[in-house]
Amino acid sequence: MDSVDDVMSIAEMVEERRHLTAVAYRMLGSRAGAGNVVDEVYRRWYGLSARERARIVQPLSWLVTSTGRICLARLAAGPSNRPDAPAPGRPDAHSAVSAQPEPEWNSERGGPGDRARHSLRARRARPTAPPEHDAVSGALRDACVAQTPEALVALLAPDVSVSFDGGGKVRTRVRSVHGSRQVARSLLTLLAPRPRTTLNTGSVNGRTGLVAHYDREVAAVLTLDVAAPYVVQVWVTLNPDKLRSWT
């Protein structure tokens, strides 16, 4: 099963894919072919069971080795047999990331906790006014940039969850993360300050969200569901294909 520790920083994620692409390009001499090989490598990675992935001590070494093997197989097959797209019938990489249902409130706690949950449910049912949404989004961005866990936890609802859409094309979590402290930890890891990495607020689906750049390219887009004063759901888009139009 995935753990919060499976989350990588954006810099690590982008550099890993770039490294694999460079390896494939050196072997094939084709940028399109290299990208296709790297997509296939990640399909094979997500084709492993969670237990099998957990047994791989050095994932990057496994990915590089798989890249080399696929390239050698395609070179041996000859130009006419080198596929430019996944073979018919192959599972779509996007299916590796399944949508997670919104978590239910923990019903075991009573008293003030029940009243707080009822109040938050009521706020969820009402659209958050844009100024409030903007303020919460900006505070979330500041807490991530400053890497202040307690400030970030204070902005998250107790049952907040975060889902990652890598489209099977980068190495990220498959399952959602639930709970304010776990979500805070995963966001701080993902958005950890690194050279060439920036994080800003921006318009995402008509509301203020977060946009992370690496080397001036959009590397992640975070959509935020806000029931002021809390963030109740985060969707992180990491799929390079979906981010291309942003860049």
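All of the numbers you see were taken from the coordinates with simple rules; none came from a lab. Bear in mind that the values here come from a model prediction, so they are computed numbers and not experimental data. Here the Cβ is made from the backbone with ideal geometry for all residues, glycine too, and neighbour counts use every protein chain on show.
Note on ALA139 and ALA22: the model spin-label points, each 7 Å out from Cα along the C-beta direction, lie 4.2 nm apart.
For ARG69 and THR198, the FRET efficiency from 1/(1 + (r/R0)^6), where r spans their Cβ atoms and R0 equals 51 Å, is about 0.90. Would you please give the FRET efficiency between LYS242 and ALA76, computed as 1/(1 + (r/R0)^6) with r the Cβ-Cβ distance and R0 = 41 Å, to the nearest 0.05? The calculated FRET efficiency here is 0.75. Subtracting the Cα-Cα distance of GLN58 and GLU217 from 0.36 nm times their residue separation leaves 54.5 nm of extension gain.
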